[in-house]
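Undergrad: Can you keep this structure in mind? I'll have questions shortly.
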Amino acid sequence: MSIKSTKGKTAAFFWEENMVFKLDQETQGRALKLNGSKVGAHLYAPDKSMKGWISIPETHSDKWSYFSKKALKYVDTL
């Protein structure tokens, strides 16, 4: 499952009980302060990080809506 902007750009996707969001630098910092959050990794190369993508675990699902909105707004600027 993924969330796409009105321009068709992927802003977030669900992976292994986490939501992974494409975020601007400031929002990345906020997201990484959440316990268990980390820089996203490529699905087929887990040792390779995905620049700008932050994985937020299900334990913070109450914050996914906030980060979804931030991601949608950000990807439309790219």
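Each reported figure results from applying straightforward, stated rules to the coordinates on display, with no laboratory input. Just so it is clear, the model here is predicted, and its values are computed rather than measured. With ideal geometry, Cβ positions are generated from the backbone for all residues, glycine too; neighbour counts draw on all protein chains shown.
Undergrad: Restricting attention to the range 12-39, which residues are closer than 16 Å to residue 1 by Cα and under 12 Å from the mean Cα position of the chain (by Cα)? Write out each step before concluding.
TA: Restricting attention to the range 12-39, the residues satisfying the condition of being closer than 16 Å to residue 1 by Cα are 12-22.
Within the range 12-39, 12, 13, 14, 15, 18, 19, 20, 21, 22 qualify.
Undergrad: What is the residue count in the range 1-35 for residues that are exposed (fewer than 14 other Cβ atoms within 10 Å of the Cβ), out of contact with any Ser or Thr (no Cβ under 8 Å at 6 or more places or on another chain) and under 13 Å from residue 60 (Cβ atoms)?
TA: Summing the residues that are exposed (fewer than 14 other Cβ atoms within 10 Å of the Cβ), out of contact with any Ser or Thr (no Cβ under 8 Å at 6 or more places or on another chain) and under 13 Å from residue 60 (Cβ atoms) in the range 1-35 gives 2.
Undergrad: State whether one or more residues within the range 39-57 are in contact (Cβ under 8 Å) with a residue 24 or more places away in the chain, surrounded by fewer than 19 Cβ atoms within 10 Å (Cβ to Cβ) and among the acidic types (Asp, Glu).
TA: Looking for residues that are in contact (Cβ under 8 Å) with a residue 24 or more places away in the chain, surrounded by fewer than 19 Cβ atoms within 10 Å (Cβ to Cβ) and among the acidic types (Asp, Glu), one finds none in the range 39-57, hence no.
Undergrad: Ok, one more. Only one residue in 20, 39 is among the aliphatic types (A, V, I, L, M) and under 20 Å from residue 76 (Cα atoms). Which one?
TA: None of the others qualify; the one that does is 20.
Undergrad: Determine, yes or no, whether residue 22 is out of contact with any Asp or Glu (no Cβ under 8 Å at 6 or more places or on another chain) and without any contact (Cβ under 8 Å) to a residue 40 or more places away in the chain. Break it down stepwise before answering.
TA: Numbers: out of contact with any Asp or Glu (no Cβ under 8 Å at 6 or more places or on another chain): yes; without any contact (Cβ under 8 Å) to a residue 40 or more places away in the chain: no.
So residue 22 does not fit the description; no.
Undergrad: Let me ask something else about it. Give the residue that is nearest to residue 2 (Cα to Cα), with candidates limited to residues of the range 57-77 that are among the β-branched types (Val, Ile, Thr) and not in a loop (DSSP other than H, G, I, E, B). Steps first, please.
TA: Narrowing the range 57-77 to residues among the β-branched types (Val, Ile, Thr): 59, 75, 77.
Restricting the remaining residues to those that are not in a loop (DSSP other than H, G, I, E, B) gives 59, 75.
Working: 59: 19, 75: 13 Å.
Checking each candidate, the answer is 75.
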